[in-house]
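Engineer: Before I ask anything, here is the structure I am working with.
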Amino acid sequence: MKSTGLCILLLAALVVAGQAKVDYDTWFTDKTMRVDYYHTGTARNEFFSLDQVYQEGEWPGSRVNLADTLNLGKYLVKVFDEATGRLVYSRGYCTVFGEWQTTVEALSGSVYRTMHETVRFPFPKYPIKLVIAVRNRQNEFIDTFSAGIEPGSRSINLEKRDLPWKTEQYLDNGSPKKKVDIVIMGDGYTHKEMGKFRQDVKHYTEQLFNSQPFSSRKNDFNIRLVLVESAESGIDEPHLGNWRQTALGASYNSLDSPRYVLTLANKEVRDIAALVPYDQLYILVNSTRYGGGGIFNWYATSFTGHAEGQPDWWADYVFTHEFGHSFAGLADEYYTSDTAYEEFYAEGIEPWDPNITRLLNPAQPKWADLITPGTPVPTPWGKAAYDSLGVTLRSWQRETPEYIMIEQQMQRLLADANSLAQTGCYEGAGYMATGMFRSAPDCRMFSKSLTPFCLVCQRAINRMIDFYTR
Ligand SMILES: [Zn+2]
């Protein structure tokens, strides 16, 4: 009995392995298929509708890892060969719409919004069924939208989009097929500010590659720039009444959160990004006002430089922190800042994010293999003292000298805790003071500081680099 069971198990493993590995050349051409669609709804109710299918340049992603094995993101795009029903490509991702769904406005159920979105995958040789699955409250993917696409259809847009913007390869480590290809575009940089854009790219990518694990894996990355120019300098600040005409439409106060920088001009962003091969999108905004954003497999944004009276490393921190979100699907580990979200993580459900956990089974933590034997779980740290400083902090206006002083005290407390800490399960993470855990007292995803990524975050980043490059 035992050996038969083993045989069946082995056979099952082979079938799964056979399913996972799709021969690229059998199913795909060298090009990229881009599908634009509209995503409409409320928090509980959503619809997708097709906009336009495009053929774009060379597929920049892996030709080996086509089916997603990482199980990250709120959405999963799946591409099936129509004739055989075989899954030939899948990828997890998040969107601005998905974040908006956790706000008061969306939860009210009376306000519908529509956002424009894009999925990209290798250009199929044969007719496909495109499926978008959405996680339900139990975090299971539910097929929500499907569309048949004929690769030879005359409705596929083959237009050459000849935009006036120059492109440059800033970091070249070889063929896009085996590298993580980042495109960096500036928003709110005028024609005269292209020199500043290049300097900003140099400075902030140096910060990224100064942090582990990016520093050891620099050879796995390519960086290309699109020198897109904006008519006006700076980006929109709706709460101050400052509206600026920019190429990519980036704005502060996104989802009504002052420091959240996003753009909803998805079509423009995608058209411009497609001037170069890219896996990951980064939008640098030409503003010294604190802000940024990062959405998994969507894009990251960061402010640049520093305003008077602000420490000069704030943007260094933000640039790398946001890339942690957009590249590796890392969650915010902090819980003391105000955010726009009402119910970001469903109660009693383990989040998919690799670096936070509900610790539903303390005997078997999510990152059990990284925990030093003998470390108590949950793991004590100076939480009571940290939280009481947090209460005082909130009585001061952001960025006043008092506020900054208390922030520094909190930072010292974290640094002390971190220097003694083992990987464990520390309570307070994912915007929640209780019931959610992180793996270290401090991490680049926790405090506003140049603290390194914790070991759990580093492993998640390494896995993602491996997925693109191996
Ligand atoms: Zn971390």
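Engineer: With N denoting the number of residues in the range 137-254, provide Rg(C-alpha) divided by 2.2 N^0.38 Å, to two decimal places.
Structural biologist: 1.42
Engineer: Here is a follow-up. What is the spin-label model distance, in nm, from Glu58 to Val391 if the labels are put 7 Å beyond Cα along the C-beta direction?
Structural biologist: 6.0
Engineer: Could you give the distance between the Cα centres of the range 405-469 and the range 156-217, to the whole Å?
Structural biologist: 28
Engineer: Pull up the cross-link candidates among the aspartates and glutamates for Lys78, meaning alpha carbon to alpha carbon under 13 Å and not fewer than 8 places away within one chain.
Structural biologist: Asp68, Asp143
Engineer: Follow-up question, since we're still on this one. How much accessible area per residue does the range 167-329 have, in Å², with a 1.4 Å probe?
Structural biologist: Per residue, the range 167-329 has 34 Å² of solvent-accessible surface.
Engineer: Follow-up. Can you report the principal axis dimensions of the chain using only the alpha carbons, biggest first, rounded to whole angstrom?
Structural biologist: Taking max minus min along each principal axis of the Cα atoms, the chain gives 72, 64, 49 Å.
Engineer: Counting pairs on different chains as well as pairs 8 or more places apart, how many Lys pairs in the range 167-329 have Cα atoms under 20 Å apart?
Structural biologist: 6
Engineer: Once a ≥ b ≥ c are taken as the square roots of the eigenvalues of the Cα gyration tensor of the range 167-329, is the result rounded (a/c under 1.5), prolate (a/b larger than b/c) or oblate (a/b not larger than b/c)?
Structural biologist: The shape class here is prolate.
Engineer: Might you work out the accessible area of Val134 for me, using a 1.4 Å probe with all protein chains in place, and round it to the nearest 10 Å²?
Structural biologist: 10
Engineer: From the alpha carbon gyration tensor of the range 368-468, can you work out the equivalent ellipsoid semi-axes (sqrt of 5 times each eigenvalue) and give them in Å, largest to smallest?
Structural biologist: Three semi-axes, in Å: 26, 17, 12.
Engineer: Can I ask one more? Measuring from label point to label point, each 7 Å out along Cα→Cβ, what is the Ser153 to Ala307 span in nm?
Structural biologist: Taking the simple label geometry, Ser153 and Ala307 are separated by 4.7 nm.
Engineer: Please report Rg over Rh for the range 234-375, where both radii come from the alpha carbon positions and Rh follows the Kirkwood definition.
Structural biologist: Here Rg/Rh amounts to 1.03.
Engineer: Once the piece of chain linking Lys125 and Asn139 is laid out straight, how much longer is it, given 0.36 nm per residue of separation minus the C-alpha distance between them?
Structural biologist: Stretched out fully, the Lys125 to Asn139 stretch lengthens by 1.8 nm.
Engineer: State the percentage of accessible surface on the range 167-329 attributable to carbon and sulfur atoms; use a 1.4 Å probe and exclude ligands, DNA and RNA.
Structural biologist: Of all accessible area on the range 167-329, carbon and sulfur atoms account for 47 percent.
Engineer: Further question: Could you work out the Rg to Rh ratio of the range 195-239, with Rh taken as the Kirkwood radius (inverse of the mean 1/r over all Cα pairs)?
Structural biologist: For the range 195-239, the value is 1.11.
Engineer: Testing the spin-label approximation: label points 7 Å from Cα along Cα→Cβ at Arg412 and Met115. State their distance in nm.
Structural biologist: For the pair Arg412/Met115, the computed spacing is 4.1 nm.
Engineer: Another question, if that's okay. By per-residue mean of other Cβ atoms within 10 Å, what is the highest-first order of 305-313, 456-464, 54-62?
Structural biologist: With the highest mean Cβ count within 10 Å placed first, the list reads 456-464, 54-62, 305-313.
Engineer: I would also like to ask the following. Could you give the size of the charge dipole of the range 167-329 about its Cα centre, using +1 on the Cβ of each K and R and -1 on the Cβ of each D and E, expressed in debye and rounded to the nearest 20?
Structural biologist: So the magnitude is around 440 debye.
The values are calculated or read from the model by the stated rules, or taken from the named source; none is laboratory data. None of these values were measured; they are calculated from a predicted model. Positions of Cβ are generated from backbone atoms using ideal geometry, with glycine treated the same way; all protein chains shown enter the neighbour counts. Remember, those area values only see protein heavy atoms, side chains included, never the ligands or the DNA or RNA. Shrake-Rupley method; radii C 1.70, N 1.55, O 1.52, S 1.80 Å.
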